[in-house]
Amino acid sequence: MNELAIPAAQAHAKEENSSGIWFFVFFEAFLFTSYFAVYMVQRARNPEAFLQAQAQLSLGVGVVNTLILLLSSWTMARCVQAARTGAVRKAMRQALLTIAFALAFLVSKVSEWATEIGRGYSFTSNEFFSFYYFLTAIHFIHLLIGFVFLGLVVHQLRRPSPSQSQIETSATYWHMVDFLWLNIFALLYLIR
Amino acid sequence: MTRASEKRLTLVWLALSAITLAQYLSMSLGDHGAYRPNPALTVSVILLSLIKVRLVLMEFMELRRGPRLLRRLTDVWLVLTAVVLLGSYFAGPLLWAQ
């Protein structure tokens, strides 16, 4: 695509993203904030117990998982931009990379849970771990749904005339999976 | 994509990763990585996370060039989340201590 067409393509960016997905994104954003509020209030009631339990989490694994999701958001954004300018093969590469990073997060998260359960920390161990499993499991479900959206991106990119709207809707959902995690990571792994 | 927009995305990703590493280092080195209450570090970690979230929304999700309403809503949500999280953290013990 020539350079003149690109501003036109970018002008279309506004219209491509259907409003439905944005309703959903903001709904989830506010919903998770309410979950976080409950967590923070309960944590404030018993800070020592929460800190002791929190110390059982692996900060390193948390950071790695966060970096993986940030990578996936980056490749997803690159995919959208490439598709917008008609660079379909590049877009496909970025989409497949996004799926690879998503899978890496999935494997990492499941093995992290397995390790923690193996060490005796389950959903009912203490209040912190109830919140930990609840928040990370709900996030994980969103991640699994994300795979459907990522699959839709690949499907679109295979067609002769990929739907930019469908690709951007999927990307919006995926970035939500990422930014929800950014807060979860801070509240479960980092804060003292 | 254009070279400029591709470079911008890369810079945003680098910033997000750098902030994440800074948060990690501050928590693993600050107060010797102890699991003790640390309001200063907690406030900085929460605010930095919200900055990261804003970067994802504005740059990766392109709200920077999107409808003003969505940008406003984003900032309202970010401020609300900050108030809720920090408010519970500081006011919590005063109200709820057992």
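Table for the structure above
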{"quantity": "Residues B:Met61, A:Met40, sorted so that the one with the fewest Cβ neighbours within 10 Å comes first", "calculated": "A:Met40, B:Met61"}
{"quantity": "Residues B:Lys52, B:Lys7, A:Lys109, sorted so that the one with the fewest Cβ neighbours within 10 Å comes first", "calculated": "B:Lys7, A:Lys109, B:Lys52"}
{"quantity": "When the convex hull of its Cα atoms is projected in every direction, mean area for the protein assembly as shown (nm²)", "calculated": "14.7 nm²"}
{"quantity": "Cα long-axis angle, helix B:68-96 against chain B (0 to 90 degrees, to the nearest 10)", "calculated": "10 degrees"}
{"quantity": "Cα gyration tensor shape of segment A:59-192, rounded if a/c is under 1.5, else prolate or oblate by comparing a/b with b/c", "calculated": "prolate"}
{"quantity": "Angle between chain A longest axis and helix A:164-185 axis [Cα atoms, degrees, rounded to 10]", "calculated": "20 degrees"}
{"quantity": "Per-residue average of Cβ from other chains inside 10 Å of A:161-173", "calculated": "1"}
{"quantity": "Per-residue average of Cβ from other chains inside 10 Å of A:175-183", "calculated": "5"}
{"quantity": "Rounded to whole Hz, the Karplus (6.51, -1.76, 1.60) HN-Hα couplings of segment B:3-16, x for glycine and proline", "calculated": "4, 5, 6, 5, 5, 4, 4, 5, 4, 4, 4, 4, 4, 4"}
{"quantity": "Furthest towards positive pole of dipole, A:Thr85, A:Tyr35, A:Asn46, structure part segment A:28-141, Cβ charges", "calculated": "A:Thr85"}
{"quantity": "Pairwise centroid distance, computed over Cα atoms, of segment A:41-56 with segment A:64-86, Å", "calculated": "35 Å"}
{"quantity": "Using alpha-carbon coordinates, inclination of helix B:39-55 to the longest axis of chain B, degrees", "calculated": "20 degrees"}
{"quantity": "Most mobile of B:Ala22, B:Ala34, B:Ala82 in a GNM of chain B (Cα contacts under 10 Å)", "calculated": "B:Ala34"}
{"quantity": "For the protein assembly as shown: lysine pairs under 23 Å (alpha-carbon distance), excluding those fewer than 8 apart on one chain", "calculated": "6"}
{"quantity": "Backbone N under 14 Å from the B:Leu11 label point (7 Å along Cα→Cβ), restricted to segment B:61-75", "calculated": "none"}
{"quantity": "Separation of alpha-carbon centers, segment B:16-48 and segment A:89-165, rounded to whole Å", "calculated": "25 Å"}
{"quantity": "Under the Karplus curve 6.51 cos²θ - 1.76 cosθ + 1.60, θ = phi - 60°, whole-Hz ³J(HN,Hα) for segment A:129-140, x wherever Gly or Pro sits", "calculated": "5, 4, 5, 4, 5, 4, 5, 6, 5, 4, 4, 4"}
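Since every read-out is calculated from the coordinates, none of them should be taken as a lab result. Keep in mind that this is a model prediction, so the values were computed, not measured. So basically every Cβ, Gly included, is an ideal-geometry build from the backbone, and we count neighbours across all protein chains shown.
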